[in-house]
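Working notes, beginning with the structure itself.
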Amino acid sequence: MNIEVLKELSNLGIDFKAEGYNNTATKFSSISNADKNDISFCYYEENKAIEFMSLSNAGIILCKKNLKDKVNPKEGQQFVFTDNPRLVFIRLLKAVTKTKSTAKISPYNIVSNSNNIGQNCSIGHYTTIDQDSIIGKNCIIGNRVNIKNCIIGNNCIIQSGTTIGEDGFAYERFSDGSLEHFPHLGKVLISDDVHIYTNCSIARGSMTDTKIGKGTKIDSMVHIAHNVEIGEYCELTAGTIVGGSAFIGNSTWTGLNSTLKDNIHVGNNVIVGAGAMVIKDIDDKDIVAGVPAKSIKNKVNTNQSFLMAGQN
């Protein structure tokens, strides 16, 4: 593979400035392990960026625009300055390694109604999809996935071991102390372009539906209880627990092993720190951390909050 990087960036409509040798690359690599044939990226700023870039042997390094004139490429090296080098690296990687997907449906699964499966879907081994569920187009469903009472949009990915649409945990207590399970009549509604990683649990709604918005990404071992609503383009990292009937706005990020109490409201563009215990509502654009979670927005600068949101 011979990658004409500047040509590819121009084709993608990316704004950039280049300095140094007009190199081509043969592969992608991390900035620390790269050699002269590699393209890499550096998302750090100021002195840390200069240190990493100065030590790197990468032939081409994507970096931030504000580093121009602060660090210079070595002989035979090229720097490409752009607004978001990590995002540009992802787009470039996908553009040059794009392959045509082939739909594969394993014979070792149970699909109650194949008419409810959209075109060009892949379904792995030992997956079950009940007759009340609908899967959109171009979806990838992994192995040992259980889907019930669920409507899934287009271009979704659900990795192995995940269960979607079982009843949530809800009981009423009799006077003698025994428990009666609350009936669940709702569904799970998953919008387009949602990615759900391995071994997640998403409960169906009881009286209302559980909803996951467009473009949201859910990491492994996440539990989402009944009646939860999650907005668009959120990131829930591994171990996040969301209690029943909680609401999460758009573009919100939850850290590793964070817990959001039932019936709370979390706004848009919120960052919840790793291990946080959220027991109160959170306003838009706030940053919270700790047990119980409290606002630390005034103590965190922009770059730190960027790193907090998993960009490492």
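Those residues that are hydroxyl-bearing (S, T, Y) and either over 17 Å from V88 (Cα atoms) or in a helix (DSSP H, G or I) (or both), I need them from segment 27-60; list them, please.
Once the filter is applied, which keeps residues that are hydroxyl-bearing (S, T, Y) and either over 17 Å from V88 (Cα atoms) or in a helix (DSSP H, G or I) (or both), segment 27-60 yields S32, S54, S56.
Output the residue which, of all residues in segment 246-256 that are without any contact (Cβ under 8 Å) to a residue 24 or more places away in the chain and either in contact with a Lys or Arg (Cβ under 9 Å, 6 or more places away or on another chain) or part of a loop (DSSP other than H, G, I, E, B) (or both), is surrounded by the fewest Cβ atoms within 10 Å (Cβ to Cβ).
Among residues in segment 246-256 that are without any contact (Cβ under 8 Å) to a residue 24 or more places away in the chain and either in contact with a Lys or Arg (Cβ under 9 Å, 6 or more places away or on another chain) or part of a loop (DSSP other than H, G, I, E, B) (or both), the one surrounded by the fewest Cβ atoms within 10 Å (Cβ to Cβ) is L256.
Given the condition on the phi > 0 side of the Ramachandran plot and at pLDDT below 95, answer yes or no: does some residue in segment 236-255 qualify?
No - not one qualifying residue is present in segment 236-255.
Within segment 14-43, take every residue that is under 24 Å from the mean Cα position of the chain (by Cα) and of a type in the set (G, A, S) and give me the one that is surrounded by the most Cβ atoms within 10 Å (Cβ to Cβ).
Step by step, filter segment 14-43, then rank; the result is S40.
Under the condition of being touching a Phe, Trp or Tyr at 6+ places or on another chain (Cβ under 6 Å) and of a type in the set (A, V, I, L, M, F, W, C), which residue from segment 82-122 is surrounded by the fewest Cβ atoms within 10 Å (Cβ to Cβ)?
Ranking the candidates gives L93 first.
Name the residue that is nearest to A170 (Cα to Cα), counting only residues in segment 232-245 that are surrounded by fewer than 22 Cβ atoms within 10 Å (Cβ to Cβ) and within 15 Å of the chain's Cα centre (by Cα).
Here the answer is G239.
Is it true that N227 is assigned to a loop (DSSP other than H, G, I, E, B), over 14 Å from G165 (Cα atoms), in the same structural domain as I157 (by TED's automatic domain parsing) and not aromatic (F, W, Y)?
No; evaluated as a whole, the condition is false for this residue.
For segment 145-155, does any single residue satisfy the condition of being closer than 30 Å to S10 by Cα, within 24 Å of the chain's Cα centre (by Cα) and part of a loop (DSSP other than H, G, I, E, B)?
Among the residues of segment 145-155, at least one is closer than 30 Å to S10 by Cα, within 24 Å of the chain's Cα centre (by Cα) and part of a loop (DSSP other than H, G, I, E, B), which makes the answer yes.
Could you figure out which of (1) modelled with pLDDT of 95 or more; (2) closer than 21 Å to D209 by Cβ isn't true of Y171?
(1)
Determine the pairs where a residue that is part of a loop (DSSP other than H, G, I, E, B), located within segment 1-20, has a partner that is modelled with pLDDT of 90 or more with Cβ atoms under 6 Å apart, the partner being 6 or more residues away or on another chain.
Filtered contacts from segment 1-20: M1/T26; L12/R91; I14/V88; F16/L9; F16/V80; F16/T82.
The values are calculated or read from the model by the stated rules, or taken from the named source; none is laboratory data. Because the structure is predicted, anything quoted here is derived from the model rather than measured. No Cβ is skipped: glycine too gets one built from the backbone with ideal geometry, and neighbour counts run over all protein chains shown.
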